[in-house]
1. Which residue pairs have Cβ atoms closer than 6 Å, lie 6 or more positions apart in sequence or on different chains, and pair a first residue in the range 327-348 that is within 24 Å of A306 (Cα to Cα) with a second residue that is open to solvent by less than 20 Å² (accessible area, probe 1.4 Å) and acidic (D, E)?
2. Go through the range 23-41 and count every residue that is open to solvent by 80 Å² or more (accessible area, probe 1.4 Å) and among the small types (G, A, S).
3. Considering every residue within the range 58-67, establish whether at least one is surrounded by 21 or more Cβ atoms within 10 Å (Cβ to Cβ) and away from the ligand (no atom under 14 Å from the Cβ).
4. For the range 75-119, give me the residue count where each residue is assigned to a helix (DSSP H, G or I) and farther than 14 Å from L266 by Cβ.
5. Among the listed residues V318, V280, V285, which satisfies the condition of being β-branched (V, I, T), open to solvent by less than 20 Å² (accessible area, probe 1.4 Å) and either more than 16 Å from the ligand (Cβ to nearest atom) or modelled with pLDDT of 95 or more (or both)?
6. So which residues in the range 281-319 are among the aliphatic types (A, V, I, L, M) and over 21 Å from the mean Cα position of the chain (by Cα), if there are any at all?
7. Tell me which of these R40 doesn't satisfy, since it passes every other one: (1) within 16 Å of the ligand (Cβ to nearest atom); (2) in contact with a Phe, Trp or Tyr (Cβ under 7 Å, 6 or more places away or on another chain); (3) under 30 Å from L312 (Cβ atoms).
8. Has the range 255-263 got at least one residue that is open to solvent by less than 40 Å² (accessible area, probe 1.4 Å), in contact with a strand residue (DSSP E or B) (Cβ under 6 Å, 6 or more places away or on another chain) and not aliphatic (A, V, I, L, M)?
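The values are calculated or read from the model by the stated rules, or taken from the named source; none is laboratory data. The structure displayed is predicted, hence computed values, not measured ones. Cβ atoms come from the backbone with ideal geometry, glycine included; neighbour counts cover every protein chain shown. Heads up: the accessible areas ignore ligands, DNA and RNA and are worked out on the full protein's heavy atoms, side chains in. Shrake-Rupley method; radii C 1.70, N 1.55, O 1.52, S 1.80 Å.
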Amino acid sequence: MNPLLSLLQPYPFERLRQLFAGVTPSAAHRAISLGIGEPRHATPPFIQEALAANLSGLASYPSTAGDPSLREACAGWMQRRYRIPVNPATQVLPVNGSREALFAFAQTVVDPTRAGATVVCPNPFYQIYEGATLLAGATPYYAPSDPARNFAVDWDSVPEEVWQRTQLLFVCSPGNPTGAVMPLPEWEKLFALSDRYGFVIASDECYSEIYFRDEPPLGGLEAAAKLGRSNYRNLIAFTSLSKRSNVPGLRSGFVAGDAALIKAFLLYRTYHGSAMGPAVQAASVAAWNDEVHVEENRALYRQKFAQVTPMLAEVMDVRLPDAGFYLWAKVPDALGMSDAEFAQALLAQYNVTVLPGSYLARDSGGANPGAQRVRMALVAETAECAEAASRIVQFIQSRT
Ligand SMILES: Cc1ncc(COP(=O)(O)O)c(C=O)c1O
């Protein structure tokens, strides 16, 4: 066996199962889960139709680089969304969802033979960054997010000797679970660090189309272009249809950026065997070329968050995030409970599932930046989310 497998941590949902093992959920309430961040709005019929209309593609092997029509659709979307040029032949690659791509990219970039190979990632963070790092033979370094600065990651807290060993930096904007969007000055800081220390930046942007402010979230390549880095040196952005188009089961996304990194990634993927099926490619072209369904989807989330957030804000420290579909709420101190105890008691009393924040973060510098917070994924219909929120309000009021 690969000894690195033993370094992997139990996935947060596995820990949640263990946490809930001895708990009997209230039988008086229908179960509502805000635990898993899986989009639940309806898949647009035109995407299903494009998939069904292209089943003849099953008769041939697809190429790892994807059909030119798909790469052109991806580049076209980047142009419309971010007003930046991306060369479909050299700067774009389709991937089977951003999860596998984030994982595979670390295997492509990290050189474990260099002493102290380190990957820096935010804390709390999407769990794949850690597993990808460990299986690539590197050590993760967790940079905490700062609640006092809209959960911006405190990059200044990373010591110089860590940056010197850093080969890869994961960023997540909009962030999971915090919903924070990285502004241009933060990108400028990271680009300067990347130039100084030579590391690659992997920018996870899979929530970019679900946002609550007027301005759409700044993309990594967009930030690079604004700062005159038109070749996107040492930068790759990861984008996905899962949340944008409500197709988590399609497994479709793309990466874009530095042509040298794309070339190496294509080589890795050719051997890894991660070409996208032709029917999925055709459905993806249809999805990237349409923006109407994305606007409708965003409107649904906006309406939902506008209703649910103020309800919860009455009883706990929570606010509308910049973007994404999570609320990152603080467990009220007056309850005298940890985040895990809060989740357990809420399930027992009101049959609502939330994810303890500490499960999404690691202890660093003597503290777990997810502790005393819970993540609520507002993915169900508005009425169900509002029902969950009103139960949480009752729960907190009954104990304070
Ligand atoms: C931050 C983040 N990145 C990436 C992903 C992976 O999404 P997908 O593989 O469906 O593109 C998720 C999924 O929940 C996520 O939360």
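1. Correct list of pairs: V331/D339.
2. Result for the range 23-41: 2.
3. Scanning the range 58-67, I find at least one residue that is surrounded by 21 or more Cβ atoms within 10 Å (Cβ to Cβ) and away from the ligand (no atom under 14 Å from the Cβ), so the answer is yes.
4. Residues that pass the stated criteria total 14.
5. Every option except V318 fails the conditions.
6. Scanning the range 281-319 gives A282, A283, V285, A286, V292, A306, V308, M311, L312, A313, V315, M316.
7. (2)
8. Yes - at least one qualifying residue is present in the range 255-263.
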